[in-house]
1. Under 4.7 Å Cβ to Cβ, no partner at all: give me those cysteines from the chain, in residue order.
2. Which of 79, 320, 327 comes first, and how do the rest follow, when ranked by fewest Cβ neighbours within 10 Å?
3. Could you pull out every whole DSSP H run in the chain that spans at least 30 Å of Cα extent along its own axis and averages 0.0 or higher on the Kyte-Doolittle scale?
4. Looking at the chain as a GNM with Cα springs under 10 Å, which of 71, 131, 311 has the largest mean-square fluctuation?
5. Could you list 7, 315 in order of exposure, starting from the residue whose Cβ has the fewest other Cβ atoms within 10 Å?
6. Considering only 317, 221, 246, whose Cα is most displaced toward the positive end of the charge dipole of the stretch 209-317, charges sitting on Cβ of Lys, Arg (+1) and Asp, Glu (-1)?
7. At most 16 other C-beta atoms within 10 Å and a DSSP loop state: those are the exposed GluC sites (Glu not before Pro) I care about. Give me the longest piece of the chain that has none.
8. Taking 41 Å as R0, compute the FRET efficiency from the Cβ-Cβ separation of residue 124 and residue 154 and round it to 0.05.
Amino acid sequence: MAEIFWMNLAEIDALTAEGVAGAQQAATVDAVEAVRIQYLGRKGLLPQIMKGLKDFAPAERGAAGRSANAFKDSITAAIEARLLALRGAAGAVAGPAFDYTLPGSWRGLGSLHPVSLVITDAVRIFSRMGFAVAEGPDIENAYNNFEALNTPAHHPSLAETDTFWLGKGELLRTQTSPVQIRVMQSHPPPVRIITPGRCYRRDTTDATHSASFHQIEGLYVDRQVSLADLKGTLAAFMRAMMGPDVGVRFRPHFFPFTEPSVECDFSCHVCGGKGCRVCKQSGWIEIAGAGMVDPRVFGKVGYDAEAWTGFAFGMGVERIAMIKYGIPDIRMLYENDARFLAQFG
Ligand code: PHE
């Protein structure tokens, strides 16, 4: 370790210049560290200079102190500058250490999935009309999914080909309608609920079918609820969801648990009702099944069918999402390609 045997002001200043030059010329981070140890380290020159200050003549002592401070500050600054330059140069092939024109790093904030967007919207719209949200399990029993919904044992949807049976009378629900049963079994009328959820059918996957999909069920039971209430409610919902210009039409249909039953279409959003590939040239897209709750269903849950009437509906969430956002293939909703999903943020 270097040692100073004899010290004066000029010697301190010379050492300062040497240390600064040493730092500036150091070729590596390790070499800079060696300079720091030699000049500023605990066993280096700086402590010796500090110790030597008391040996200066009183008249020189002030100037010597200032030189000692300059020694420390100048060499420290030279070391820091050199380290910055070396570390920057290590990362860059050429040019400046940091390119301020590069775009910032992407935070990757997620966004709601289109299916979630539609459900969130529907919950908001129906809650304005006084509907609460109810939920039921994906694994149901045959009683809630079929029997209580007045679906006869010979109905084709009970067949092995349509339903995922789990054994012991359990199945993956084929519709959200069993939640109607659960709600009516546990709540006396009046009832006003929607139930968004996942459903399962043994469908072969193609552009418009998936073995797992989502429905939003609705149930409104009160005194003197009529088909007009059903039509008004669904039309108001469609307009809030798709825009004020959407056309809504109802066609007679059959469901075991509603009487009368309808299917509800809205005018094709893609062609404005003129006819296109999406609506198969008809100008209309089927979006929901609905009807007046069959008195036999009220009988199953112990509601007095003489005192209460109600309507129910079930609509396809993926259908709405595909039309609303112009998604041509249902499979895009399940592939979770981040580039696709980011468009809905
Ligand atoms: N559950 C029926 C379906 O999945 C839709 C529906 C719900 C029809 C409620 C009438 C009333 O096709």
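Just so it is clear, none of the values below were taken in a lab; they were calculated from the coordinates. These numbers were taken from a predicted model, which means no experiment stands behind them. Every residue, glycine as well, gets a Cβ built from its backbone with ideal geometry; the counts of neighbours run over all protein chains shown.
1. Lone cysteines by the Cβ rule: 199, 264.
2. In increasing order of surrounding Cβ atoms, one gets 327, 79, 320.
3. 58-91
4. 71
5. Ranking 7, 315 by Cβ neighbours within 10 Å, fewest first, gives 7, 315.
6. 246
7. The reported range is 161-305.
8. 0.50
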